[in-house]
Amino acid sequence: MDHESSFLLSIHPRKPASPENLTKLIRRLRALTLRLLPVEVDVKVINDPTNRIITPQVVSAYVNAAGDFYNELPYCLLRAHAEFIWDANHNPANYGENLGRATACEVLARRIIHQSSPDRMIPMMTTLYRCKEADGDISVASTALEVAIDNHCTIFLSSSESQDVVNWLWNGELVQTFDNEDNIQYVPYHEMRHGDFWTHLNPARMSVPRYQNYFRIIVWLFFLVVYSQAVREPLERLDPVHASLDGWEYVLYVMALAFWYKLFRFASYRAFGFWSVVAFITDALLLTAFSLRMSGLFATSSQAEYYRFKGFQVLSFVAPFIWMKLVTVFDGYKYIGTMQLCISRMLRESGIFFALLSVLGAGFLQGLYALEAADGTSEEAFKVINILVQGLLQSPDYGRFSSSPFGLTLFYFWNLVTGIILLNILISLFASAYSEIVTDVEAEYMSFFAEKTVLMIRAPDSYVYPAPFNLIEMVLVAPFEPFIHDSYAKLNRVVMNVVFFIPLAVIALYEVSFMDKSWLVSWLRSGLDEGEADDPVTRDPLVEGPDAERGLQISKVKFSELVKHFPNTQQSNETVILNEIQNLQGKLHILLDRIEKLQPSS
C-alpha cells in the first residue's frame, strides 16, 4: 500500500468516545447554550453571519468546552439541537427560547466544521457515535451528517463542508467499510484514482448513490415502456392468442414484484412520506390487477372475460401513479428536486384542510342521509357521497334535493362552507407553504439532496442489487448465506460480476477515463482559495517579462494599504458601533486624566 492510500485509510485515528462521555458533553453544551441564550432571540439574528451572539470568542468557548473531544463536538452540538427542538415542541410556553437555542447549536456546529482543517473534516462528519437516550438506552450509531439529516438541519447541511462530504458520498469517493468489529466506517475509495480497467471493475461500485440513480432512471423508463405495452393488450382481447399472459405482462409483474420487495424490505419511518404512500398505492393496484388477471385465467369461461376485463381496468388505473413517480426518479436534478419539495410541502400543509373536510363531510353525509331516510326514500350512502363530492368540485346538483326544503338548505350550507371557506383555506395554506420553500430554496434543496444520498447508503446491505435484480439475490444468493457464510462474499461478487457486467464495465470506463488522477491533492487543496488570499505573491504580484523591462507594475499600492479602509464584514453594525464607543471612552478617560493633572492642587 502506497503512502497516499495508507493516509486515506487512516482518517479515523482512534476509536469513538463512549456513549456515557458523549452524553456528559452534550449536557455541558446544553448548559452553555442556556447561559448563552437565557431569553428568546430571533432565529434570523442567530443565523446572521455577523451577529453579536455567535462571535469568534463564543465559538472558541465551545471548542474549549469539548476538551480532547474536538472531533465529537459537531455531533454533540447537533444532538443538543435535537433535544432543544424536542423541548420546544413539548413546552409551548418556551417554544421561542428553545428554538433559538437549537438554532444556536446548529450554527455553532457549522462554524466549528468550517474552521477545522480538511484532514479532520471527514472524521468529524462521518464517524459513527452513540449517546444515551432520555430513557437510559443507548442510541443507534449515527454520524453528525445523519443526525443533521434526521433533524432537518438546513443551516448545517447547506454549508460547503457538508455538501463536500455529501458529494463525495454521492460520487463514491467516500465508501462504507467494516472494521474488525463489524462497525461501519466511511473511508475514501483509494482505488478510484488509480489502477486500470480491471481494477475498477468492482461490484461494490453498484452501491454508489450516483450509479444507483442512473441505473434507477434506466430501469424506470424501461418499466414505463413495458407498462405501456402491457396496458394495450385489451385492444387485442378478441385474439385467442392473448387469452393468457403475454411477454410484456410477465415482465411487468416480475418488475412490480421486485419493486414491492424493495419497498417492504427497506421500509423505514425515516423515509416515510407522501411518495411512500404513492409507492404503496401503486404496488397495491398492481397486485390487485395481477390477482384479477390470475383469477381470469383459472375461472370458468363465463367469468374469465369478466375478471380479465376488471384486471385491465385496475391496471389502467395505475398509470397516473406510475408517471407521477417520474418526479422521484429525476429528483437528483435540481429543478425537479425543487419542484418535488414544493409539492411535498404543499401537500403536507394541506393536512388541516383535509382534516376539516373529513369532519364536515361526515356531518353533512349523516344529515343528508338521515333526511332521505326521514322522507321514506333512503338511498345508498355511496350516492350521497357522490353528490357531496360533486358539490365540492363545483358541480352541485341542486335539483336532487328540490323536493326537500331541509335537504336543499343543508346542501346549500355544504357548498357554502366548502366552496368559500375551506377552499380559500387550502389556497392560503398552499401559498404559505410555497413561499416558505421559495424563501430558502437553495438550503432546502441541499438538505433534500443530502437526505437522498444518505438514504441510499443507509440500507443494511453490503451487496446492492438494484431492482428488479434484487429478485436474483432473493432466490439465488440469500438462501445460501447460512450454509456458506465464509464464501458468501465471494458468491455475491461472482453473481454481481455476471449480472451487472455491462453497467460495471461502463462505470469502470468512466472512472478510468474521466476521473482526476490525484484526488488527495485536490482534497487537501480544497481550501486553496482562502489560502491563496494570504500568499504574499498573490497579494503583491511582481510583473515579469517584457512588461517588467518597460517598468510596468501591478503592485504600485501595497495590498495592506488597499484594504486599510475596507469595512470589517465579519462584525455586525452594532459591534462596530460598540467598538467605536469603547475607543472614544478610552480617549475620553485619557483626556480627563490630563485635565486633572493640569488643574492646580488646592
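Criterion applied to E372, E436 was being acidic (D, E) and under 30 Å from M339 (Cβ atoms), and the one residue passing it is E436. When you check R110 against the structure, is it surrounded by 23 or more Cβ atoms within 10 Å (Cβ to Cβ), out of contact with any Pro (no Cβ under 7 Å at 6 or more places or on another chain), in the same structural domain as P16 (by the TED database) and in contact (Cβ under 8 Å) with a residue 24 or more places away in the chain, yes or no? It is true that R110 is surrounded by 23 or more Cβ atoms within 10 Å (Cβ to Cβ), out of contact with any Pro (no Cβ under 7 Å at 6 or more places or on another chain), in the same structural domain as P16 (by the TED database) and in contact (Cβ under 8 Å) with a residue 24 or more places away in the chain. For S139, are the conditions met, namely being more than 23 Å from A61 (Cα to Cα) and open to solvent by 10 Å² or more (accessible area, probe 1.4 Å)? No, not satisfied. Filtering the range 450-486 to residues that are in a loop (DSSP other than H, G, I, E, B) and either of a type in the set (V, I, T) or open to solvent by less than 60 Å² (accessible area, probe 1.4 Å) (or both) leaves A459, D461, Y463, V464, Y465, P466, A467, P468, I484.
List, please: which pairs have Cβ atoms under 8 Å, are six or more places apart or on different chains, and start with a residue in the range 60-89 that is more than 21 Å from R130 (Cβ to Cβ) and end with one that is outside any loop (DSSP other than H, G, I, E, B) and aromatic (F, W, Y)? Pairs that qualify, where the first residue is more than 21 Å from R130 (Cβ to Cβ) and the partner is outside any loop (DSSP other than H, G, I, E, B) and aromatic (F, W, Y), are A88/Y95; N89/Y95.
Pull out all pairs, ordered by first then second residue, where Cβ-Cβ is under 9 Å, the residues are six or more apart or on different chains, the first lies in the range 115-128 and is in the same structural domain as P16 (by the TED database), and the second is open to solvent by 40 Å² or more (accessible area, probe 1.4 Å) and among the hydroxyl-bearing types (S, T, Y). Matching pairs, first to second residue: P118/S526; M121/S526. Scanning the range 295-331 for residues that are in a helix (DSSP H, G or I), more than 42 Å from the chain's Cα centre (by Cα) and surrounded by fewer than 15 Cβ atoms within 10 Å (Cβ to Cβ) turns up L297, F298, S301, S302, Q303, E305, Y306. Of all the listed residues (F156, F223), the sole one being open to solvent by less than 10 Å² (accessible area, probe 1.4 Å), modelled with pLDDT of 90 or more, in a helix (DSSP H, G or I) and closer than 30 Å to F321 by Cβ is F223.
Y335 meets each of the listed conditions (1) at pLDDT 80 or above; (2) surrounded by 15 or more Cβ atoms within 10 Å (Cβ to Cβ); (3) assigned to a helix (DSSP H, G or I) apart from (2). Scan the range 58-67 and tell me whether some residue there is buried (at least 19 other Cβ atoms within 10 Å of the Cβ), at pLDDT below 90 and not in a helix (DSSP H, G or I). No.
Would you tally the residues in the range 127-145 being in a helix (DSSP H, G or I) and within 18 Å of P19 (Cβ to Cβ)? Summing the residues that are in a helix (DSSP H, G or I) and within 18 Å of P19 (Cβ to Cβ) in the range 127-145 gives 1. Tell me whether the range 543-552 contains one or more residues that are closer than 25 Å to N47 by Cα and either open to solvent by less than 90 Å² (accessible area, probe 1.4 Å) or at pLDDT below 80 (or both). Looking for residues that are closer than 25 Å to N47 by Cα and either open to solvent by less than 90 Å² (accessible area, probe 1.4 Å) or at pLDDT below 80 (or both), one finds none in the range 543-552, hence no.
Total residues in the range 402-426 satisfying the condition of being over 38 Å from the mean Cα position of the chain (by Cα), free of Cβ contacts under 8 Å to residues at least 24 places away in the same chain and open to solvent by less than 50 Å² (accessible area, probe 1.4 Å): the figure is 1.
Does the range 387-400 contain at least one residue that is of a type in the set (A, V, I, L, M, F, W, C), surrounded by fewer than 15 Cβ atoms within 10 Å (Cβ to Cβ), in a helix (DSSP H, G or I) and out of contact with any Asp or Glu (no Cβ under 8 Å at 6 or more places or on another chain)? For the range 387-400, residues of a type in the set (A, V, I, L, M, F, W, C), surrounded by fewer than 15 Cβ atoms within 10 Å (Cβ to Cβ), in a helix (DSSP H, G or I) and out of contact with any Asp or Glu (no Cβ under 8 Å at 6 or more places or on another chain): present.
The values are calculated or read from the model by the stated rules, or taken from the named source; none is laboratory data. In this text the structure is predicted, and so the values were computed from the model without any measurement. All Cβ positions, glycine included, derive from the backbone under ideal geometry; neighbour counts span all protein chains shown. These accessible areas exclude ligands, DNA and RNA; they are computed on the full protein's heavy atoms, side chains included. Shrake-Rupley method; radii C 1.70, N 1.55, O 1.52, S 1.80 Å.
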